[in-house]
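To keep things clear, I will list the structure first and then write my remarks on it.
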Amino acid sequence: MDGTRNEAPHVVWLTAEELVLRFRRRELSPVEVVRACLEAIERQDELVHAFCLVDAERALAAARDSEARWGSGEPCGVLDGVPVGVKDVFLTADWPTLRGFPAAPPGAPGNVDAPPVAALRRHGAVLVGKTTTPQLGWKAVTDGPGEAPTRNPWDPERTAGGSSGGSAAAVAMGMVPLAVGTDGGGSIRIPGAFCGIVGLKPTFARVPHWPPSPFGLVAHSGPMARTVADTALLLDVLAEPDPREWAALPPPDGRYADALGEDLRDVRVAFSPDLGYAAVDPEVAAGVSAAAAALEDLGARVEQVDPGFEDPRPAFDVLWSAGAARAVAALAPEQRERLDPGLGALAERGGGLSGAALLEAEDQRARLGTAMGEFHCDWDLLVTPAVPIVAFEVGREVPNGSADPHWPGWTPFTYPFNITQQPAITVPCGLTAKRLPIGLQIVGRRHAEGLVLRAARAYEVHHPQPTLEGQAAKRGGPR
C-alpha cells in the first residue's frame, strides 16, 4: 500500500511531467497511455465510482491525433497526450453536463466548452471522461439520490469527500494523472486531503469560469494531481485568459511550473493548529504539526500563530444557501423531482433570506478579507490542517455522532478562504494508524499561488508520501 517499488512504474502511475518527457523522446505513445488509463478505469471504477461518463472512442481518437503531432515534432501544448478527468459541472462539447443528475435538462447549453475545458483542448490534453459530483456540487461528499456514492480509494467503506470527489478518487487510483475540480467551500481540498493527493484552490478568477457559478464569489476552479509539480503544470494551462470570465485576473508573470524551487529561506509561516476555534483529531493534529516543523527545517521561519478571526460560518452559511436557492430555482421540473433532500432544505433556507442578511454576510466577508490582508503583512503563509478529521463512513453528509447535521461543521479550515478568495493548497502529510491520508493546508495572500506552490513542493520533495500504487496492484490494477 505504501507505493514502495523496485521496478519501473506502470504508465498510469507516471506523472504528467514524466509522460510529456517520454512523449518528446518517443519512448512512449499517448495511445498506449490512454489505453492503459481506460483499462484502469474499466477494472477499478466499479470499486470507487469516480467517473459518471467515459468516452473511450473519443479519447483514443484524441490520443492518435496527439501521437501524430509528437511524431512530427509539433505538439500543440504543454499537456499534449496527457489524460485528464473533468468534473461534471464543466460544460464539455459532445458530452452532457449532468451536475449530479441522471440527465441534462431540456435546453441545456449545447456544443460548447467551459474555459478550463477549452484550455485543456488547446494544449492537446486527452479528455477521457467526466468525474462524479453531488448535485450542483452542493456538499463535501459525493453521492446523491439514485447514484452510487464515490468511495475512498484508501478504504472503499469511507467517503472520497466532495464535491470534487470523483476527480480526487480518479487521480489517487491511477486512472488519470490530472483532473479538474471546483471549490466553493473546500470541494477541491477536502477530497484531496481524504484521498491523499494534491489539490489547489487558486485565487478567485485565476482560473476562468463560465457560465458563472450560482454560488457566486466563493466558487473557484482548480487543478488536482498526485504531485505539486503536476498541479503547477495544470494550473499554467487552466489559468490562461478567457474573455467569458468577467472577473479575470491579469496573466501571471511567467509559468508556475518553472518557479517552484525548494528554497524557503526567509519565508514567514504562521502555523495555526486550530484557527483558534476548531476541534482537530489528535492524529491529524500530530501529522500537521510535524509538517509545520518540517517547513522550519527547510528554512522557513515558523511560529505558532492564529490569524485572529472568529469562525465565519454564519456568513458562509448565508452565502452558500443563497447560492443553492439560485441554483435550484433554475432546475428543470424533472430535476427538482429527483432533488437531494439535503440540497432542497439548503435551498429553502437560502430562499428565505432577506436582502439585509445577504448584505450583512458580504460585510462580514469584507471584514474577514481585510483581517487576512493585514495578517499577511506579517506572515507570508498560513499553515493549518486541510480537514480536522480523516475520511468517514461513505453515504453520510457528516460523520456518525456529529453534533452538527451539516457538512461545514466538520470542515472549518476550508470555507474561510473561499470567503476571502485566497489561494490554498492541500498536500499529503502522512497517514493515520488506520492508513488514512492526512492533508496539510497552505494558504497564501491573494494572487500568491506561486509561493503557495513553492512551499508545498519543498515539503513534498523532502517528505515523500505513501501512494496507492502498491494497493492498486493488490486489487488487480496495474503495478
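Derivation of every value follows stated rules applied to the coordinates shown; laboratory data play no part. If you're wondering where the values come from, they're calculated on a predicted model, not measured in any experiment. Using ideal geometry, Cβ is built from the backbone for each residue, glycine included, and neighbour counts are taken over all protein chains shown.
What are the ³J(HN,Hα) values, in whole Hz, obtained from phi via the Karplus relation 6.51 cos²θ - 1.76 cosθ + 1.60 with θ = phi - 60°, for each residue of the stretch 198-212 in sequence order, with x given for Gly and Pro?
9, x, 10, 9, x, 3, 3, 6, 4, 9, x, 10, 7, x, x
Suppose a student asked you for the relative contact order of the chain, using Cα pairs under 8 Å spaced at least 6 residues apart; what percent would you report?
19 percent
Report, by chain and number, residues whose modeled amide H sits under 5 Å from the one on Arg158, excluding near sequence neighbours (fewer than 5 apart, same chain).
Amide H neighbours of Arg158: Asn152, Val394.
Which percent of the Cα-Cα distances in the stretch 19-66 go past 12 Å?
Distances greater than 12 Å cover 64 percent of the Cα pairs.
Just give me a number: lysine pairs in the chain, eight or more positions apart or cross-chain, with C-alpha atoms less than 19 Å apart.
So the count of such lysine pairs works out to 6.
Lys and Arg at +1, Asp and Glu at -1: add these up for the other residues within a Cβ distance under 14 Å of Arg121 and post the number.
In short, -4.
Give a residue-ordered list of calculated ³J(HN,Hα) values for the stretch 269-275 (Karplus: 6.51 cos²θ - 1.76 cosθ + 1.60, θ = phi - 60°; whole Hz; x for Gly, Pro).
Result, ordered by residue: 10, 8, 9, 10, x, 8, 6 Hz.
Would you mind getting the Kirkwood hydrodynamic radius of the stretch 103-238 from its Cα pairs, rounded to one decimal in Å?
Taking every pair of different Cα atoms in the stretch 103-238, averaging 1/r and inverting gives 15.0 Å.
Place a label point 7 angstrom from the Cα of Asp281 along the Cα-to-Cβ direction, then list the residues of the stretch 423-444 whose backbone nitrogen is under 15 Å away.
Label zone hits: 428-441.
I want to verify the translational diffusion coefficient of the stretch 345-479 in µm²/s; compute it with Stokes-Einstein, Rh as the Kirkwood radius over Cα pairs, at 25 °C and 0.890 mPa s.
Result for D is 138 µm²/s.
Amide H of Phe215: which non-local residues (sequence gap of 5 or more, or other chain) have their own amide H closer than 5 Å, using H built in the peptide plane?
none
What are the ³J(HN,Hα) couplings of the stretch 135-150, residue after residue, when phi is run through the Karplus curve with 6.51, -1.76, 1.60 and θ = phi - 60°? Round to Hz, x for glycine and proline.
Listing the rounded values in order: 3, 6, x, 7, 9, 8, 10, 10, 7, x, x, x, 10, 5, x, 8 Hz.
Simple spin-label model, 7 Å along Cα-to-Cβ: Glu303 to Ala357 in nm?
The modelled label-to-label distance comes out at 4.1 nm.
Can you tally the net charge around Val427? Count Lys and Arg as +1, Asp and Glu as -1, for every other residue whose Cβ sits under 9 Å from the Cβ of Val427.
0
Which semi-axis lengths, in whole Å and largest first, follow from the square roots of five times the eigenvalues of the Cα gyration tensor of the stretch 53-116?
In descending order, the three semi-axes are 28, 12, 10 Å.
Please work out how much length the chain gains when fully extended from Arg25 to Ala104, using 0.36 nm per residue of separation minus the C-alpha to C-alpha distance, in nm with one decimal.
24.2 nm
Starting from 0.36 nm per residue, how many nanometres of slack lie between Arg43 and Glu374 once their C-alpha separation is accounted for?
Gain on extension, Arg43 to Glu374, equals 114.1 nm.
Taking the Cβ of each residue in Trp246, Trp410 as the centre, tally the other Cβ atoms inside 10 Å and list the residues starting with the fewest.
So the residues, fewest neighbours to most, are Trp246, Trp410.
Taking just the alpha-carbon atoms of the chain, what radius of gyration and Dmax come out, in angstrom?
20.6, 62
Work out, step by step, the length gained on full extension between Arg244 and Arg338: first 0.36 nm times the residue separation, then minus their alpha carbon distance; give nm to one decimal.
This chain segment gains 30.7 nm when fully extended.
If amide H atoms are built 1.01 Å from N in the plane of the peptide, which residues on other chains or at least 5 residues away come under 5 Å of the amide H of Met224?
The list, which skips near neighbours in sequence, is Ala179, Gly181.
Round to a whole angstrom and tell me the spacing of the C-alpha centers of the stretch 332-378 and the stretch 68-142.
With the stretch 332-378 and the stretch 68-142 each reduced to a Cα centre, they are spaced 27 Å.
Find how many whole Å separate the alpha carbon centroid of the stretch 33-60 from the alpha carbon centroid of the stretch 285-316.
38 Å
Can you sort Glu296, Glu449 from fewest to most other Cβ atoms within 10 Å of each residue's own Cβ?
Exposure proxy ranking, most exposed first: Glu296, Glu449.
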